[in-house]
1. What is the gain in length, in nm to one decimal, between residue 165 and residue 120 on full extension, counting 0.36 nm per residue of separation less the C-alpha to C-alpha distance?
2. Which chymotrypsin sites (Phe, Trp or Tyr not before Pro) from region 119-171 combine a DSSP loop assignment with at most 14 other Cβ atoms within 10 Å?
3. Counting heavy atoms of the protein chains only and a 1.4 Å probe, report the per residue accessible area for region 37-178 as a whole number of Å².
4. State the extension gain, in nm to one decimal, for the chain segment bounded by residue 149 and residue 107, taking 0.36 nm per residue of separation less the distance between their alpha-carbons.
5. Which of the trypsin sites (Lys or Arg not before Pro) found in region 113-145 are in a DSSP loop and have at most 10 neighbouring Cβ atoms, other than their own, within 10 Å?
6. Under a 1.4 angstrom probe, counting protein chains only, how are 63, 148 ranked by accessible area, largest first?
7. Stretched out fully, how many nm does the piece from residue 178 to residue 58 gain, at 0.36 nm a residue minus the Cα gap?
Amino acid sequence: EYAGYIRDHGRFCKAIDPKQNRFHGRYMGQLSGKSINDLLSATRYVFATLGNEHGVIKNPFDDITKVEVNAEEREAFMPAELQKIGRVFHDYAKLKANPELRATYPADEIGKLDFVSRHEWLYPLFLVGTLTGLREGDIALLKWSSVDWDHMELRLKMSKTKRQVCPPILPPLEKYLR
């Protein structure tokens, strides 16, 4: 029925502009180029299958140009920024162990430490992320079975790329994990 509608009425998707031969519309800024190209490939395949089974003569997706895929760029923290963040976590741990030290900290530092106290769960994420370079999603999926103490490395399959990686367990991470 759908294939017949396409055959009889032609253009069916407002996100396809036949003049530009490209995808556009509300998802363009939200999906990566790779995701859009994967969707285009899957749609081409579906219509090729429909064409064989239901007599669709021309696949309307064959002439659409794939979008340019740009490598994902992530802005890294500078070493000085990482030190500042690490210092806040370190100071928080000191204050947690010795609350009487709170009076010795300036007000702006107390604000940072109060933030950390409300978001204490960020510390392991920060520590593992800075010491391994893993993405947040991959860190969240780590299990104790991912830790290879014999080779002092983590073993996991990246959720985004499906590649097997083995980042080393550096001394500060080993201290935290043990």
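The values are calculated or read from the model by the stated rules, or taken from the named source; none is laboratory data. These figures come from a predicted structure and were not determined experimentally. Cβ sites come from the backbone with ideal geometry, for glycine too, and all protein chains shown count toward neighbours. In case anyone asks, the SASA skips ligands and DNA or RNA and just uses the protein heavy atoms, side chains included. Shrake-Rupley method; radii C 1.70, N 1.55, O 1.52, S 1.80 Å.
1. Values: separation 45, 0.36 × 45 = 16.20 nm, distance 2.73 nm.
The residue 165-residue 120 span can extend by a further 13.5 nm.
2. Values: sites: 121, 126, 144, 149; in loops: 121, 149.
For chymotrypsin sites (Phe, Trp or Tyr not before Pro) across region 119-171 that sit outside H, G, I, E and B with at most 14 neighbouring Cβ atoms in 10 Å, the list reads 121, 149.
3. On the way: 10090 Å² over 142 residues.
Heavy-atom SASA per residue in region 37-178 reads 71 Å².
4. Values: separation 42, 0.36 × 42 = 15.12 nm, distance 4.19 nm.
Gain on stretching residue 149 to residue 107: 10.9 nm.
5. On the way: sites: 118, 135, 143; in loops: 135, 143.
Sites meeting the loop and neighbour criteria: 143.
6. Working: 63 80, 148 25 Å².
Of 63, 148, the descending order of accessible area is 63, 148.
7. Values: separation 120, 0.36 × 120 = 43.20 nm, distance 6.19 nm.
Gain in length upon complete extension: 37.0 nm.
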